[in-house]
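First up is the structure itself, then whatever we jot down about it.
Where a number appears in this text, it was derived from the coordinates with a stated rule and is not lab data. Model, not experiment: these values are computed from the prediction. Using ideal geometry, Cβ is built from the backbone for each residue, glycine included, and neighbour counts are taken over all protein chains shown.
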Amino acid sequence: MIRRLRGTARGLPNELDIENVAEKIASAGRSELATVQSFIRLVLLHLTKLAVETDSAAAGHWQSQVTGFHSDLMHRYAASMRQRIGIDELWATACQQASSSVNRETVDRLPAHCPFDIDDLVVRSVQVSELVERLKILSESPGRRDG
């Protein structure tokens, strides 16, 4: 929309570089989206760790991490980002990261597609225990990731 102003808007200073302004705004949007995607990946990673190794000494830390990353996510998420978030790609990355630090065989039993949708994650108050339980059920099933 800003780019459409070029050459048509009266009263704008000639030195105003509309193309540069438009690119700065687009760049800021891409940066915010990347940040939101990173927080989603981190939430998924720590939920996976909690589901796979519930009794780990680090479980309390992981739960705290989910809560903190979720809070950061909610401060930056905008509904307009929804269509541009590749939840399955973020899930695959989170599972790959989890398999290098927790029980790989259990992580490998999780589904290839994210068992959560954006609505499960962008809620005012995330229910960590409910999300972990959903993952536990999936990790205990005999199916394997279909990559």
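May I ask you to list the residues in the range 70-103 that are free of Cβ contacts under 8 Å to residues at least 24 places away in the same chain and surrounded by 14 or more Cβ atoms within 10 Å (Cβ to Cβ)?
Of everything in the range 70-103, those that are free of Cβ contacts under 8 Å to residues at least 24 places away in the same chain and surrounded by 14 or more Cβ atoms within 10 Å (Cβ to Cβ) turn out to be Ala92, Ser99.
Hey, among the residues in the range 87-104 that are touching an Asp or Glu at 6+ places or on another chain (Cβ under 8 Å) and part of a loop (DSSP other than H, G, I, E, B), which one's farthest from Leu138 (Cα to Cα)? Residue satisfying both the conditions and the ranking: Val102.
Select, from Asp119, Asp55, the only residue that is in a loop (DSSP other than H, G, I, E, B), out of contact with any His (no Cβ under 7 Å at 6 or more places or on another chain) and free of Cβ contacts under 8 Å to residues at least 12 places away in the same chain.
None of the others qualify; the one that does is Asp55.
When you check Ala98 against the structure, is it within 13 Å of the chain's Cα centre (by Cα) and under 18 Å from Ala59 (Cβ atoms), yes or no? The answer is no for Ala98. The single condition from (1) touching an Asp or Glu at 6+ places or on another chain (Cβ under 7 Å); (2) buried (at least 16 other Cβ atoms within 10 Å of the Cβ); (3) among the polar types (S, T, N, Q) that Gln63 fails is (1). In the condition set (1) within 24 Å of Leu33 (Cβ to Cβ); (2) without any contact (Cβ under 8 Å) to a residue 60 or more places away in the chain; (3) not in a loop (DSSP other than H, G, I, E, B), Val107 is compliant with all but (1).
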